[in-house]
Structures are given as structure tokens and as C-alpha cells.
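Asker: Take this structure first; my questions come after.
Rule-based calculations on the coordinates, nothing more; no lab input. Bear in mind that the values here come from a model prediction, so they are computed numbers and not experimental data. Positions of Cβ are generated from backbone atoms using ideal geometry, with glycine treated the same way; all protein chains shown enter the neighbour counts.
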Amino acid sequence: MTTWVTIWSRWTRGMTPLAAALVLAGCASALPPAAPHAGVDLPARFGSAEDTARWTTAAPAEAQPRGAWWRVFGDPVLSDLVERAGQANTEVQQAAARLAEARALLRSADAQRMPQLGASAGVARQAGADTAGGMQPGTLGTAGLGLSYELDLFGRLSQGSEAARQDAQARAALLQSTLLVVQADVAQTYLQLRAVQTERALVAQSLVAYQDSLRLTQRRYQAGDVAELDVARMQTEVAATASDALVLERREVTLTHALAVLVGEVAGRFTLAPTEGEVALPVIPAGVPGTVLARRPDVSAAQAAVLAAQARVGVAQAAWFPAITLTGHGGYASPDLGDLFKWSARSWGLGALLSLPLFDGGQRAAQEEGAKARLEAAVAAQRGQVLGAFRDVEDQLSSLRLLAGQSQVLGQAVESAQRATHLSDVRYRNGLVSQLELLDARRNELSNRRQALQVRSAQYTATVGLIRALGGGWGEAQT
């Protein structure tokens, strides 16, 4: 007994330095945490020279609440459609299912770090020198519990659990990103549909006016007051305006079907009646902080993907170190099934298993290189995501600024065109100008009014695009 104690003491003293060295080596293999912005040189402010006083640098704030940003448009129909899409959209449902899968994988990874307990029972017919009667076959029955636990000395299991946790966080962020994209698509499609409906009503009014003018011109032609050329010109205007009305109707049908798919309904059964008045165009308040950009869920998902890839590098590096598993079993074993559960048939055992591959043909090195390559790809993808986020904000800010100026100029053009049409109509009825001049004035007014509506629609689209680029609204200033 003393000899075995001495041998055990010497063995533990000899293995302690080796174990400590392996632990230190495992700790040394850990990688530094990933940078939040993947090495992107962040600008001090967003926007062009006209907007520099309104923005600050971004800071991580992916958990900042976004709120019901679509309510800034003050349209209850839009609010209802967005909320319906959040529940019934198929892309949102798929993203939610992927998140549930990632969370299940996380629970599975965490379970590997816990002791594993199992029950077993069996009956074997065997022959051997140690059986009763020499080489005669005998029956051996067993029943018991088995326990195993792997010592995570080098972080293989913890790194795998951390990778699964980051995957789950990335999926959660991607779910929020998908939801934000769907909400933005619903808002943009709805606002474009309302703009098309308004433009279609404008063209319909113009068509009625042209048809009235055509009937008047035909009567005057029959009375000999005007030439046939005037009738042909008016017929041309009526046909061209009717064609524009059909184009707008087709556009309205297409947008309605797209909106139906976004809210999870059958296209043929979904309708949206026109409403009077136009949707309010929200104004971006001064002093909007650039920190809201960090709430973008796709940026957060990219960062979580980097952290997951980094943890998997640690898993690949931990494969170079030995795996130590503690095992134990307890139960009963007896050659007679009738005596299997007697106290005298009890059996138990404890053990420790150390495994370390000595030669694997370069498999572990290849796996480590692959993990590092995936980490580099994730870092590059994150950097591209951040750069794209800044580009989206800059694009929408520039669009809104330029569209505001264009809208102001077109407003003045519409007023002038309306005045010109009125004067031309009065002069035409008094016989002072030809019908061609009146048609030109009407055509010019219709063109300017339609351009003003299209710019208004572009302002809606750019506003929703900016909200989407900022990760959902502009924080407290939105309220």
C-alpha cells in the first residue's frame, strides 16, 4: 500500500508542471476581443456640409429601443399594415425559426459542459477462461448507471458554447434586421401606392377635362368655327392621357399585390381603397444623434458573427491539447439473472481517460487554418457592413436634402403653370389665342403637377430609407 501511495505522489508531482504548462498554453491561445467597428475609421459627423451640425460619432447601442417609428407618418392604415406584416410575413417567420434553432444549438452546446448520466442494462452470453466450468459458455447480466464528465481545462467546450451563444445573438439581430426591412418595405410600398393613387386621380381629372374639351371642339368643328386639325389635336391629347391612366392603373395593381405579399395575404384578395388627403411627411428634427446608427441590427449581427468565428478559432486551437474525461459507473452484475439485484452482486468503478492525438495527418492544423480564415472573412464582412451602413445614411441624407429643394422649386412651377393655364383658357375662349397654346399650357401644368407628386413619393421613400439606415427611427427626437 505504501508503494502505491509513493508512486502516485511522484506521478502527480511530475504531471503538475506539465498540466500547468498546458493550461497556460491554452490561455495564451485566446484571441483578443473583436473590434466593434472592424477597423473602420469612423467620421466625426454624418452628412454633408449642410448637415454636419446634426450628427455625432456612433457608439454601440444595438439594445436601444426603436419603437413604432412608422407612426410618425400619422396614417392608421399604414400602422395596421406594418403590424400585420410583423406577424404574418413569411420572411419574418423564417428568421424567427432560425433564431429558435440557434437557441436550441446553444442549449445543446451548454449541455456538453455538464455531467452526462445514463442508465444501461444488458445480458450477454459468453465463453472464456474465467467463466464457471472453464470454457463453457455463461450468461452475464448487468444493470447500472454511468457517469462521465469532461474537464474543460483548455477551453474547448467553453469556446464552443461561446460560439453558439454568439450565433444565437447574431440570429436574434438578424430577426430584428429582417423585421426592420419588412416594416420599411411595407411603409415604402404603401406610400408609393398612395402617391400612385393620387397621381392616377390627377390624370383622371385631366382626362375628363380633355374629353370635355374634345366634345366642345367637335361641336365647334361641326358649326364651322374651328378646323379639323383642332379636333385631331384634342383627340391625340385624350388618347395620350388615357394611356397614362392605364399605365398608372397597372402600377397601382403591381404595388397592391406587392403589399399583399408583404402582409402575408393572397394578392388577388387584397385591396386598398384610395383615401382623400395625403400622408404627412415627417421632418427630421435638428440635433439627431449619430449614435442611433449603432442600433442597426445587421451591424450587430455582423459583430456577433465575428465573435463566434473568434471562439471557433479557440476551439480549433484547443484540439492540440489533451482531453481528460472522468468516468464512473455503479450497478449490479451477476451470471444469474435471479441474483442480479442482490446486494452481493453490486459493482462500481471510477476512471479517468486522457486522449491526445499524436499524428492526424495535419487535420488539426488544417482545421485551425480554416477557422482563422473564416474569422478573417467575418471581420471583412463586418467592416463592409459598417461601411455600407454609413453609405446608406449619407445617401438618404443627401437625397432628402436635394428632394426638399426640388419640391420647393416644383411647387413654384405648379403655381405658375396653373396661372398660365387659366390665362390661356380665358384668352382661348375670347378668341385671342389658338387651341394649340391652350393645350400646351394644360400639358405643362399636368406635367409639373405629376412631377411634384413623384418628388413627394421620392421624399417618402427617402425618409423611410433613412429610418431603415438608422436602425429604426431617430431615437428620442422622433417622439
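Asker: Considering only C-alpha atoms, what is the centroid distance from the stretch 392-411 to the stretch 163-215, in Å?
Answerer: For the stretch 392-411 versus the stretch 163-215, the Cα centre distance is 18 Å.
Asker: Sticking with this one: How long is the gain from Asp110 to Asp212 if the chain were fully straight, where each residue apart is worth 0.36 nm and the alpha carbon distance is subtracted?
Answerer: Extra length available between Asp110 and Asp212 comes to 29.0 nm.
Asker: May I ask you to evaluate 6.51 cos²θ - 1.76 cosθ + 1.60, the Karplus curve with θ = phi - 60°, for each residue of the stretch 355-360 and list the ³J(HN,Hα) values in order in whole Hz, giving x for glycine and proline?
Answerer: Whole-Hz 3J(HN,Hα) from phi for the stretch 355-360: 10, 8, x, 8, 9, 10.
Asker: Another question, then. Can you order the peptides 450-462, 212-224 by their average number of other Cβ atoms within 10 Å per residue, highest first?
Answerer: In descending order of packing, they fall as 450-462, 212-224.
Asker: So what are the ³J(HN,Hα) numbers for the stretch 227-237, from phi and the Karplus equation (6.51, -1.76, 1.60; θ = phi - 60°), rounded to whole Hz, Gly and Pro as x?
Answerer: Computed from phi, the couplings for the stretch 227-237 are 8, 5, 4, 5, 5, 5, 5, 5, 4, 5, 5 Hz.
Asker: Here's another thing I want to ask about it. Quickly work out the Ala381-to-Val283 label distance, labels modelled 7 Å from Cα along the C-beta direction, and quote it in nm with one decimal.
Answerer: 4.3 nm
Asker: Return the FRET efficiency for the residue pair Arg125, Lys342: r is the Cβ-Cβ distance, R0 is 30 Å, and the value is rounded to the nearest 0.05.
Answerer: Computed FRET efficiency for Arg125 and Lys342: 0.90.
Asker: How large is ³J(HN,Hα), in whole Hz, for each residue of the stretch 139-147 in order, when computed from phi with the Karplus curve 6.51 cos²θ - 1.76 cosθ + 1.60 and θ = phi - 60°, using x for Gly and Pro?
Answerer: 9, 10, x, 9, 7, x, 10, x, 10
Asker: I would also like to ask the following. Within the set of other residues whose C-beta is less than 11 Å from the C-beta of Ala316, count the net charge using Lys and Arg as +1 and Asp and Glu as -1.
Answerer: +3
Asker: Using a simple spin-label model with points 7 Å from Cα along the Cα→Cβ vector, what separation in nm is obtained for Ser398 and Leu353?
Answerer: 6.3 nm
Asker: Separate question: As an exercise, use a Förster radius of 25 Å and the Cβ-Cβ distance of Leu145 and Glu101 to find the FRET efficiency, rounded to the nearest 0.05.
Answerer: 0.20
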